[in-house]
Amino acid sequence: MSNIAQQEIATSDTHINKVRSRTVRFGTTRWLTYVALFTALALLVKGIGQIGTLGDSSKITPIYMIWLLSALVLGPVGGGTVCFISDLMIALVFPVGTFNPFITLGCTLYGVIAGLITKYLPVRNYVVRVLVAGTVCAFLCTFILNTFAIWGWCKYYLKLGSYIDGNNSAFGIYLSLRTFQLGIALINTFIATALVPLLVRMGLLPAFNKKEPANGENNDTETTATEE
């Protein structure tokens, strides 16, 4: 009986060590490597997306997908860091008009909020977590906060009524112009959900495992891939 107990303890320890080896800890070399990797991917897809620019208000870009996946893998701090650095570098490499710091703030919040949702949402399914996080961030950050940043910047800093005709300064007009961008962000979310199984197979996300507890009931167990 004692041998069986020792084997169970040894198996548990082995599982814990394997999980720890896959953990992306905040501030470690591996964490910094993933931040740099996702940032580089964001810059790459942004460069590709430049051909899909439809003006100041709408852009066909897959960058939301990269931001969402970085938040899933790295958590709120890592996701926010990737969004902040990549948006700041994009403003320098692909400048469009004057630099708007409030847009960068909205993009940073995208990564932070997405990281919080994908990490703490009480649903044992990565696809559902990504879907919820991407939808919330698309509406809150991309559609509302960033639209408000554009509207306020044009009206109060640049002293423009509107970036369309210079007359209509209503916030609702800006929201209507950004509806297309909201759709792009939502499409990015669905693409990101399709890539979740690949991240699991690559070891960037631990799989949801099942184990038999002492009372004989089956419970889903998850080991979090990020520690911040």
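On a per residue basis, the stretch 68-185 carries 44 Å² of accessible surface, using protein heavy atoms and a 1.4 Å probe.
Taking the Cα centre as origin and putting +1 on Lys and Arg beta-carbons and -1 on Asp and Glu beta-carbons, what dipole magnitude results for the stretch 30-141, to the nearest 20 debye?
Working: 6 positive and 2 negative charges, 72 e Å.
In debye, rounded to 20, the stretch 30-141 gives about 340.
Inverting the mean 1/r over all pairs of different Cα atoms, compute the Kirkwood radius of the stretch 57-103 and quote it in Å. About 11.5 Å for the stretch 57-103.
The values are calculated or read from the model by the stated rules, or taken from the named source; none is laboratory data. Bear in mind the structure is a predicted one, so any value in this text is a computation, not a measurement. All Cβ positions, glycine included, derive from the backbone under ideal geometry; neighbour counts span all protein chains shown. Side chains are part of the model used for accessible areas, which takes the heavy atoms of the whole protein and leaves out ligands, DNA and RNA. Shrake-Rupley method; radii C 1.70, N 1.55, O 1.52, S 1.80 Å.
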